[in-house]
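Enquirer: Sharing a structure here in structure tokens format.
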Amino acid sequence: MGNELVKYDQKDAISIITINRFDAMNAFNAELRSELYAAIKRAASDQSIKVVVLTGEGRSFSAGADLKAIEASDDVEEVLQKEYRPIFEIITSMRQPIIAAVGGSAAGIGMSCALACDLLIMADDAFLLSPFTTISLVPDGGLNWLLVNQLGYRRALQLSIESERIDAARCVELGLANKSVSSALLLEEALEWAERLAQRAPLSVFATKKVMRFAAANDWAQTYDMEVALNIGLRASADHAEGVAAFLEKRKANFEGK
């Protein structure tokens, strides 16, 4: 993208977005928020992209908000609603699955960003941290919803108010992360994972992401109805016909997203 704070690369059908403010442990300031949103939006609007990998350069995925860049005069509502929220909304609504590849630490709203992604792979020496009680703030970036939905109220509250460092093994155990790998292999493993996912039927992947995101905040009956509606459309797709034909002919399917 020709900028300093976010790097955008593409490998076949995979977009690799790298937070690149490594001299500040990839902490968010206004410029980084703007550029990260633009990069994710670019990937979301590119029909050739099937999977996105989001990672951080250097020693950290993101240390959260840059406290040195915060001014007393800053409009908290403006920053959270107009600058951060669009990032989280596009992550959750974009058709492509987005994999967070977390090395070092993901803290504060950096943790929110990692957990907002669809899938999460961590270096084995990485950790998540919700440090808000150490600076007298409440978890933000949707982190309360993410933790309570994933862990239940009591465990989510404990991890947050004690500001516990949650190491990679514990994150996998709790279901906050899908897997952990050697730190030296983090990006390689994330890209291999993305490549495998890119071979799946893209319409099906998007529909599954959509209905599971919906299921997290709605009841069984509403989710059932959405499954029916989605499958009506998918059954009429060329990719469904191709998938069935490939299965019967014992060959690899050639999905075109149609």
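Each reported figure results from applying straightforward, stated rules to the coordinates on display, with no laboratory input. Here the structure is a predicted model, which is why all the values come from computation and not from measurement. Every residue, glycine as well, gets a Cβ built from its backbone with ideal geometry; the counts of neighbours run over all protein chains shown.
Enquirer: Give the shape of the range 124-241 as rounded, prolate or oblate, defined through the alpha-carbon gyration tensor: a ≥ b ≥ c are the square roots of its eigenvalues, a/c under 1.5 means rounded, and otherwise the shape is prolate if a/b is larger than b/c and oblate if not.
Expert: Working: a/c = 3.33, a/b = 1.48, b/c = 2.25.
Note, shape of the range 124-241 comes out oblate.
Enquirer: Still on this model: Residue farthest toward the positive end of the dipole of the range 6-198, with Cβ of Lys/Arg at +1 and Asp/Glu at -1: which of Gly56, Ile19, Ala190?
Expert: Final value for the positive-end residue is Ala190.
Enquirer: Now, a different point. Provide Cys117, Cys171 in ascending order of the number of other Cβ atoms located within 10 Å of each residue's Cβ, fewest first.
Expert: Working: Cys117 20, Cys171 23.
If I rank by nearby Cβ atoms, fewest first, I get Cys117, Cys171.
Enquirer: Which whole-number value in Å³ per residue fits the convex hull of the alpha carbons of the range 77-175? List each step's numbers first, then the result.
Expert: Working: hull volume 9.4 nm³, N = 99.
Expressed per residue, the convex hull around the Cα atoms of the range 77-175 is 95 Å³.
Enquirer: Here is a further query. How would Thr55, Thr223 line up from fewest to most surrounding beta-carbon atoms within 10 angstrom?
Expert: Details: Thr55 24, Thr223 16.
By the 10 Å Cβ count, ascending: Thr223, Thr55.
Enquirer: Follow-up question, since we're still on this one. Using alpha carbons only, how many degrees (0 to 90, rounded to 10) separate the axis of helix 202-215 from the longest principal axis of the chain?
Expert: That helix lies at roughly 50 degrees to the long axis.
Enquirer: Tell me the Kirkwood hydrodynamic radius of the range 7-157 in angstroms, computed as one over the mean inverse distance between distinct C-alpha pairs.
Expert: Working: mean 1/r = 0.0642 Å⁻¹.
This gives a value of 15.6 Å.
Enquirer: Shifting gears a bit: At 0.36 nm per residue, minus the direct Cα-Cα distance, what do Gln150 and Ala246 gain on full extension? Give it in nm, one decimal, please. Spell out each step's value before the answer.
Expert: On the way: separation 96, 0.36 × 96 = 34.56 nm, distance 3.66 nm.
That works out to 30.9 nm of additional length.
Enquirer: Below 8 Å, C-alpha to C-alpha, sequence gap of six or more: please give me the relative contact order for the chain in percent. Write out the running numbers ahead of the final one.
Expert: Values: 449 pairs, mean separation 40.6, N = 258.
With pairs under 8 Å counted, the relative contact order is 16 percent.
Enquirer: Let me ask another. Points 7 angstrom from Cα along the Cβ direction at Leu157 and Asp46: gap in nanometres?
Expert: 4.5
Enquirer: Right, here's the next one. Show that you can apply the helix-only estimate: for the chain, add -39,500 (n - 2.57) for every DSSP H stretch of four or more residues, divide by all residues, and state [θ] at 222 nm to the nearest 500.
Expert: Numbers: 10 runs with 112 residues, N = 258.
Using -39500 (n - 2.57) per qualifying helix, the result is -13000 deg cm²/dmol.
Enquirer: By how many degrees, 0 to 90 and rounded to 10, does the Cα axis of helix 238-249 deviate from the longest principal axis of the chain?
Expert: Once rounded, one gets 60 degrees.
Enquirer: Would you work out the charge dipole size for the range 103-183 about its Cα centre, treating the Cβ of every Lys and Arg as +1 and the Cβ of every Asp and Glu as -1, and quote it to the nearest 20 debye?
Expert: Values: 5 positive and 8 negative charges, 32 e Å.
Roughly 160 debye, rounded to the nearest 20.
Enquirer: While we're on this one: Assign unit charges at the C-beta atoms only (+1 for Lys and Arg, -1 for Asp and Glu), then state the dipole size of the chain relative to its Cα centre in Debye, rounded to the nearest 20. Provide the component values of the computation, followed by the final result.
Expert: On the way: 27 positive and 35 negative charges, 173 e Å.
Once rounded to the nearest 20, the dipole reads 840 debye.
Enquirer: Need one number: the % of Cα-Cα pairs in the chain sitting beyond the 30 Å mark. Show your work: numbers first, answer last.
Expert: Details: 9645 of 33153 pairs.
Considering the chain, 29 percent of its Cα-Cα pairs are separated by more than 30 Å.
Enquirer: Rounded, prolate or oblate: which fits the range 172-234, taking a ≥ b ≥ c as square roots of the Cα gyration tensor eigenvalues, rounded meaning a/c under 1.5, else prolate when a/b beats b/c? Walk me through the numbers before you get to the answer.
Expert: Numbers: a/c = 5.33, a/b = 1.73, b/c = 3.08.
Oblate shape, in that a/c is at least 1.5 and b/c is the bigger or equal ratio.
Enquirer: Using Cα atoms only, what is the angle between the long axis of helix 30-44 and the major principal axis of the chain, expressed in degrees (0 to 90) to the nearest 10?
Expert: Tilt of helix 30-44: around 10 degrees.
Enquirer: Let me ask another. Under a 5 Å amide H to amide H cut-off, with H placed in plane at 1.01 Å, what residues pair with Ala65 once short-range neighbours are removed?
Expert: Phe28, Ile109, Gly110
Enquirer: What FRET efficiency comes out for Ala236 versus Gln81 if R0 is 45 angstrom and r is the Cβ-Cβ distance? Round to the nearest 0.05. If you can, show how the numbers build up before the last one.
Expert: Details: r = 39 Å, r/R0 = 0.86.
Plugging the Cβ-Cβ distance into 1/(1 + (r/R0)^6) gives 0.70.
Enquirer: Now for a separate question. Would you mind computing the Rg to Rh ratio of the range 202-249 from its alpha-carbon coordinates, Kirkwood style for Rh?
Expert: Working: Rg = 12.4 Å, Rh = 11.6 Å.
My calculation puts Rg/Rh at 1.07.
Enquirer: While we're here: Longest exposed-loop-site-free stretch of the chain, with GluC sites (Glu not before Pro), DSSP loop and at most 16 other Cβ within 10 Å?
Expert: Working: sites that count: Glu4, Glu71, Glu162, Glu164, Glu256.
Maximal segment without exposed cleavage sites: 165-255.
Enquirer: Still on this structure, please answer the following. Whole-Hz Karplus ³J(HN,Hα) for the range 151-164, in order, using 6.51 cos²θ - 1.76 cosθ + 1.60 and θ = phi - 60°, x for Gly and Pro?
Expert: So the J values, rounded to whole Hz, are 10, x, 4, 5, 5, 4, 4, 4, 4, 7, 6, 8, 6, 6.
Enquirer: Obtain the nm distance between the two label points defined at Glu188 and Gln222 by a simple spin-label model: each point lies 7 Å from its Cα along the Cα-to-C-beta direction.
Expert: Label at Glu188, label at Gln222, 4.5 nm between them.
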